[in-house]
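The numbers here are math on the coordinates, done by the rules we state, and not lab data. Values in this document were obtained by computation on a predicted structure and should not be read as measured data. Heads up, the Cβs are rebuilt from the backbone with ideal geometry, glycines too, and the neighbour counts pull from every protein chain shown.
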Amino acid sequence: MEIEFTLPFTYDFDRGLERLAGDPVNAVDLPNRAVLVPMDEGNVITIQATGTTEMPSFILKGAINEEQVNAVQSIFHFHKSLNPIATHFAETDHGCIFKEHEGTPLIRSFSLYGELMKSIIHQQLNLSFANTLLMRFVTDYGEQIDGVWRYPSPERVAAIRIDELRDLQFSTRKAEYVIGLSQSIVSGKLNLEKYRTMSDEEVTADLVTYRGVGPWTAQGFLMFGLGRPNLFPVADIGLQNALKKLWKLDRKPTRDEILARFPEWSPYLSYAALYLWRSIE
DNA sequence: TGCCAGGAATTGC
DNA sequence: GCAATTCATGGC
């Protein structure tokens with residue numbers, strides 16, 4: 001199945017793609033403006049941009065049914081206009097960062113489980129080393145099919161011994177978190193799909209009961225896993241550094257200084273966070 | 001070289 | 001309860 005379509009709103013696919021390219025697990029082809037999406041059903045869908053930010057158009061190839069087309073359109077935020085977000089930030093008068101990233105979508109992760117594993121692995125590590133660790137995890141235990149890496153199944157990870165991950169340079173705790181969460185999924189206690197219909201607060205309250213998941217990880221999961229628009233991980237070092245730069249401070253902003261801006265950015269806190277992250281990449 | 005990194009659990013008072 | 005410490009190792 002091959003589909004061509006246009007979007008009736010501003011959409012900066014290239015910026016969205018740049019962000020996806022920062023994750024080495026993703027199969028992104030920046031020069032050709034394309035990305036491969038591994039689907040749960042086993043096939044791979046290709047999205048390629050053919051238009052511009054102002055006149056976005058795309059070719060979608062490889063879907064096996066209408067449901068997959070809808071799923072992908074939801075993942076990429078093709079289904080709903082981004083214009084209200086740009087309008088909102090224009091009115092809050094917070095400058096150049098939000099204006100500059102106008103039309104940049106929050107593209108969801110292709111796997112809820114993968115997003116959770118990635119978040120755990122990224123905790124408290126510099127991005128470079130975190131990505132090295134993540135790629136070791138995926139290449140050692142996952143599989144590459146049709147040019148795209150897939151995360152291992154929770155079943156596979158649940159059976160890993162801690163010392164195997166230690167050999168990949170995971171800390172003991174990080175190994176325990178990754179394996180333990182996978183075991184909870186295998187047992188049926190933790191059901192990530194169930195979160196899709198729950199509120200941000202309900203998902204957070206449940207997620208943080210699991211060892212290895214704190215507020216930062218829960219908020220990241222909501223943003224990038226479920227695509228929720230109104231979260232801002234105040235504990236995030238990257239966001240603190242981005243605000244330090246934006247506000248020209250000689251120190252990182254305090255929690256209260258950040259919280260004071262929430263009313264202006266709400267209900268699009270996630271986009272404020274996304275654009276701030278992009279501003280220091 | 002020493003501090004920091006897109007945190008969270010554990011310990012100590 | 002809340003602050004300090006620990007985890008682990010690469011990056012700069």
Over 17 Å, how big is the tail of the calculated P(r) for the stretch A:112-237, in percent of all Cα pairs?
-> 56 percent
Go through the stretch A:110-120 residue by residue and turn each phi into a ³J(HN,Hα) via Karplus (6.51, -1.76, 1.60, θ = phi - 60°); whole Hz please, and just put x for glycine and proline.
-> 7, 8, 4, 4, x, 4, 5, 4, 4, 4, 4
At 0.36 nm per residue, minus the direct Cα-Cα distance, what do A:Val208 and A:Asn65 gain on full extension? Give it in nm, one decimal, please.
-> 47.9 nm
Treating only Lys and Arg (+1) and Asp and Glu (-1) as charged, each at its beta carbon, one finds that the stretch A:94-230 has a dipole about its Cα centre, in Debye to the nearest 20, of 160 debye
Gain on full stretching of the segment that runs from A:Ser199 to A:Asp140 - 0.36 nm per residue minus C-alpha separation = 17.8 nm
Anyone know which of A:Ala158, A:Ala260, A:Ala218 comes out most mobile in the 10 Å Cα GNM of chain A?
-> A:Ala260
Calculated P(r) tail over 25 Å for the stretch A:1-136, as whole % of Cα pairs = 33 percent
Give the share of C-alpha pairs in each 5 angstrom bin for chain A, from 0 to the last occupied bin, in whole percents, shortest bins first.
-> 1, 5, 12, 16, 18, 18, 15, 10, 5, 1, 0
Taking the Cα centre of each part, how many Å lie between the stretch A:13-49 and the stretch A:190-219?
-> 26 Å
State the Kirkwood hydrodynamic radius of the stretch A:102-184 in Å, one decimal place, computed from all pairs of distinct Cα atoms.
-> 13.3 Å
Starting from the Cα of A:Ser153, step 7 Å toward the Cβ, then list every residue of the stretch A:167-203 with an amide N under 13 Å from that point.
-> A:186-187
What number in nm² do you get for the stretch A:2-81 if you take the convex hull of its Cα atoms and divide its surface by four?
-> 5.0 nm²
Which distance in nm do the two modelled labels at A:Asp14 and A:Ile237 give, with both placed 7 Å along the Cα-to-Cβ direction?
-> 3.2 nm
What FRET efficiency comes out for the pair A:Asp256/A:Asn83, r = Cβ-Cβ distance, R0 = 30 Å, nearest 0.05?
-> 0.40
Rounded FRET efficiency, nearest 0.05, which uses the C-beta distance separating A:Phe129 from A:Ser57 and R0 of 30 Å | 0.20
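How far, in nm, would the chain grow between A:Asp40 and A:Lys99 when pulled straight, counting 0.36 nm per residue and subtracting the alpha carbon separation? Intermediate results must be reported in sequence, preceding the final value.
Numbers: separation 59, 0.36 × 59 = 21.24 nm, distance 3.57 nm.
Stretched fully, the A:Asp40-A:Lys99 segment lengthens by 17.7 nm.
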